[in-house]
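Enquirer: I have a structure I would like to understand better, so I am pasting it below and will then ask my questions one at a time.
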Amino acid sequence: MKFIVDAQLPPSLTDLFRKNGFDCIHTINLPFKNNTSDHEIRKLSLDQKRIVITKDTDFFHSYILRKEPYKVIFVTVGNVRLAALKTIFESKFDEIITAISEHGMIEISKKGVMIIH
């Protein structure tokens with residue numbers, strides 16, 4: 001599986017995925033960095049079958065309406081410190097990977113992992 005972390009989430013989140021053997025990039029690594037448009041992120045996601053990890057409701061809606069991007073991990077933890085965000089992802093990592101491998105969109109909240117679609 002391949003992933004792309006959107007601009008509202010820290011670039012260091014890619015480390016967790018890479019450490020577990022996944023191809024993961026952050027928008028900061030793209031030519032237009034964090035100014036990359038949602039359209040370009042959706043296109044990259046579809047072209048490379050990258051799962052978008054985001055807080056952006058635009059990706060939530062575009063997936064529901066058009067199945068774009070390829071897949072979505074929708075993060076709804078609110079504004080939390082980096083350490084807390086990492087803890088949430090680390091503690092639920094296996095569950096996240098299993099859920100997104102079987103479904104098109106999941107939500108990560110403080111309560112856990114929920115399948116949306």
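Enquirer: For segment 33-41, check the following and say yes or no: at least one residue is in a helix (DSSP H, G or I), more than 14 Å from the chain's Cα centre (by Cα), exposed (fewer than 13 other Cβ atoms within 10 Å of the Cβ) and of a type in the set (Asp, Glu).
Expert: No; the residues of segment 33-41 include none that is in a helix (DSSP H, G or I), more than 14 Å from the chain's Cα centre (by Cα), exposed (fewer than 13 other Cβ atoms within 10 Å of the Cβ) and of a type in the set (Asp, Glu).
Enquirer: Moving on to the next point. Based on this model, can you work out whether Ser101 counts as assigned to a helix (DSSP H, G or I), among the polar types (S, T, N, Q) and surrounded by 14 or more Cβ atoms within 10 Å (Cβ to Cβ)?
Expert: no
Enquirer: Looking at segment 37-62, which of its residues are over 20 Å from Phe22 (Cβ atoms) and among the hydroxyl-bearing types (Ser, Thr, Tyr)?
Expert: Ser37, Thr57, Ser62
Enquirer: For segment 48-96, how many residues are more than 16 Å from Ser12 (Cα to Cα), out of contact with any helix residue (DSSP H, G or I) (no Cβ under 8 Å at 6 or more places or on another chain), among the hydrophobic types (A, V, I, L, M, F, W, C) and surrounded by 16 or more Cβ atoms within 10 Å (Cβ to Cβ)?
Expert: Residues that pass the stated criteria total 1.
Enquirer: Separate question: Does Leu16 meet the test of being surrounded by fewer than 13 Cβ atoms within 10 Å (Cβ to Cβ) and part of a helix (DSSP H, G or I)? Full working, then the answer.
Expert: Values: surrounded by fewer than 13 Cβ atoms within 10 Å (Cβ to Cβ): no; part of a helix (DSSP H, G or I): yes.
Judged against the criteria, Leu16 is not a match.
Enquirer: Tally time: how many residues in segment 55-76 are in contact with a Leu (Cβ under 7 Å, 6 or more places away or on another chain) and either hydroxyl-bearing (Ser, Thr, Tyr) or assigned to a loop (DSSP other than H, G, I, E, B) (or both)? Outline the logic, then answer.
Expert: Residues of segment 55-76 that are in contact with a Leu (Cβ under 7 Å, 6 or more places away or on another chain), as a first pass: 55, 68-70, 75.
Keeping just the survivors that are either hydroxyl-bearing (Ser, Thr, Tyr) or assigned to a loop (DSSP other than H, G, I, E, B) (or both) gives 55, 68-70.
Residues flagged as in contact with a Leu (Cβ under 7 Å, 6 or more places away or on another chain) and either hydroxyl-bearing (Ser, Thr, Tyr) or assigned to a loop (DSSP other than H, G, I, E, B) (or both) within segment 55-76 amount to 4.
Enquirer: Here's a follow-up. If the requirement is being within 14 Å of Asp6 (Cβ to Cβ), out of contact with any Gly (no Cβ under 7 Å at 6 or more places or on another chain), part of a strand (DSSP E or B) and among the β-branched types (Val, Ile, Thr), which of these qualifies: Ile106, Ile51? Lay out the reasoning, then the answer.
Expert: Working: Ile106 fails: within 14 Å of Asp6 (Cβ to Cβ).
Every option except Ile51 fails the conditions.
All of the numbers you see were taken from the coordinates with simple rules; none came from a lab. Since we're looking at a predicted model, the values are computed, not measured. Heads up, the Cβs are rebuilt from the backbone with ideal geometry, glycines too, and the neighbour counts pull from every protein chain shown.
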